[in-house]
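**Q** Here's a structure for you.
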Amino acid sequence: MQKQVRLATNLGRGGISALILQGTLQDLEAVDFSLENIQKRGFSLHNGELSYGILKDKNTGNILDEVVMTAYNENCRIITGHGGSASALALLAFFIQLGFNEVTNDKFTLGEIEEDTLYLKSLLSQTKTEYQALSCLRAINSLKEGKSVDIDSITDLMRPRIVVLAGAPNVGKSSLLNILCGYERVLVSNIAGTTRDAVRDYIDIGGYYTHLIDTAGFRSDVGESEEEAINRGKAILATADVILLILDNSREFNESDMLAIDAVKSFDNAHIIPVLNKTDIANTVNLDKSLNLEDPITISCIEEKGISDLLQRITDSLNEPTI
C-alpha cells in the first residue's frame, strides 16, 4: 500500500487543520511513534484510539504543532492540528519528510472514509448552533447508510446570516437588539444619535448562526460624525440577508422615517421586514401601499410582545433565497 498524505481542510483561516494519512500498519506505527505524548514518548495506536501530543521538526527539534491523532483503522490516521495555512503546511511537510506522498486529487478515499464524510466532520467541529450540529450529524449518518447528501446545503448552513436593524432615531432599534440578544447589549436612550456606530452580536435565530447588527438612526439634521455613522450603516445594509425596518407605531411618519425607508429599499440583496414598534401606545400609522413594503410585524419592546412572530418571520426569510 502506497504511503499517502493529503489535506482534508482548505488552506487559509480556520479553526483546525486536518490531514489524512494512508499506509501499511508498519508505516503508520512510525507515525504513531513520532507523536510525543505528555504521558509517554511515542506509542502505537489501536483502531479507534486517539492521542494528543506534539510533533517536532526532525532537524531543528522545534515544535510544529499540538495535534490529535486518531487511528481510524490500521491503514489510516487522521491528524487534527491548529488552523491556518502555516500550521497546515508545516504538518504536511513533516509527513512528506517521513516518506508520505502528497495526494491532491479531487476525490480521496481511504478504506471506508470518503472526503465528504471527513469534510462534514470538520464542519461539525465548527458548528455554532444545535441545528447546525444536528444537520451535520444527520448528513454523516446518511452517508454511512449509503444515502446521498446535499453537501452544498450543509456548507451554506454554516454561513453566518446577517440581520440588520435600520430606522429613524428613537424607534426602538436598540431596545429590540437587547431583547433579541437576551441581555442589555446596548444603552437605550431617548436622545437621538446615541447609537453612533454599528453595535453587533451573534445569536441563534431559527438554527442559523446570526450576526445581528444595530445601525445608527437615519435622520436629515445630522452632524459630521452622525453622517459618517449613517454611511457606515448603509455599507452594512449592503451585506444583509434580512433588514428589519423599524418604524414607530405611535406617530405619523416623518422625514427621517422616509430617509430610512428609501435607504433600505435601495438594497435588493436582502429581505425587508417592516416592524411597527410601540404598539403599547395608540396606533396612528398605516403603511401606505405605495411604499411597496411587505405586511409589517407589530411588536412592543416595552411589553416584549410580538417577538416570537418576528423571529418566525426572520427565520422564514432566511429560508427563502433573495431575488
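The values are calculated or read from the model by the stated rules, or taken from the named source; none is laboratory data. Predicted, not measured: the structure shown is a model, and the values here were computed from it. All Cβ positions, even for glycine, are placed from backbone atoms using ideal geometry, and neighbour counts span all protein chains on display. Please note that ligands, DNA and RNA were not included when accessible areas were found on the heavy atoms of the full protein model with its side chains. Shrake-Rupley method; radii C 1.70, N 1.55, O 1.52, S 1.80 Å.
**Q** Please calculate how many Å² of accessible area region 45-182 carries per residue, with a 1.4 Å probe and no DNA, RNA or ligand atoms counted.
**A** Working: 6730 Å² over 138 residues.
That works out to 49 Å² per residue.
**Q** Using the structure shown, select from Lys3/Lys56; Lys128/Lys265; Lys234/Lys278; Lys58/Lys121; Lys128/Lys278; Lys265/Lys305 the pairs with a Cα to Cα distance greater than 28 angstrom. Before the final figure, lay out the partial values.
**A** On the way: Lys3/Lys56 20 Å; Lys128/Lys265 31 Å; Lys234/Lys278 25 Å; Lys58/Lys121 30 Å; Lys128/Lys278 33 Å; Lys265/Lys305 26 Å.
From Lys3/Lys56; Lys128/Lys265; Lys234/Lys278; Lys58/Lys121; Lys128/Lys278; Lys265/Lys305, over 28 Å: Lys128/Lys265; Lys58/Lys121; Lys128/Lys278.
**Q** Which order do the peptides 50-62, 299-311 take when ranked by the mean count of other beta-carbon atoms within 10 Å per residue, highest first? Working shown, then result.
**A** Details: 50-62: 13.0, 299-311: 16.0.
With the highest mean Cβ count within 10 Å placed first, the list reads 299-311, 50-62.
**Q** What nm value, rounded to one decimal, do you get for the distance between Leu11 and Lys265 when each label is placed 7 Å out toward the C-beta?
**A** For the pair Leu11/Lys265, the computed spacing is 4.9 nm.
**Q** What full-extension length gain, to one decimal in nm, is calculated for Glu130 and Ile96 as 0.36 nm per residue of separation minus the Cα-Cα distance? Let's see the in-between values first.
**A** Values: separation 34, 0.36 × 34 = 12.24 nm, distance 3.80 nm.
Once the chain is fully extended between Glu130 and Ile96, it gains 8.4 nm.
**Q** Let me ask something else. Can you pull out the trypsin sites (Lys or Arg not before Pro) in region 138-168 that DSSP calls coil and that have at most 16 other Cβ atoms within 10 Å?
**A** On the way: sites: Arg138, Lys144, Lys147, Arg161; in loops: Lys147.
Those that pass, being in a loop and sparsely packed, are Lys147.
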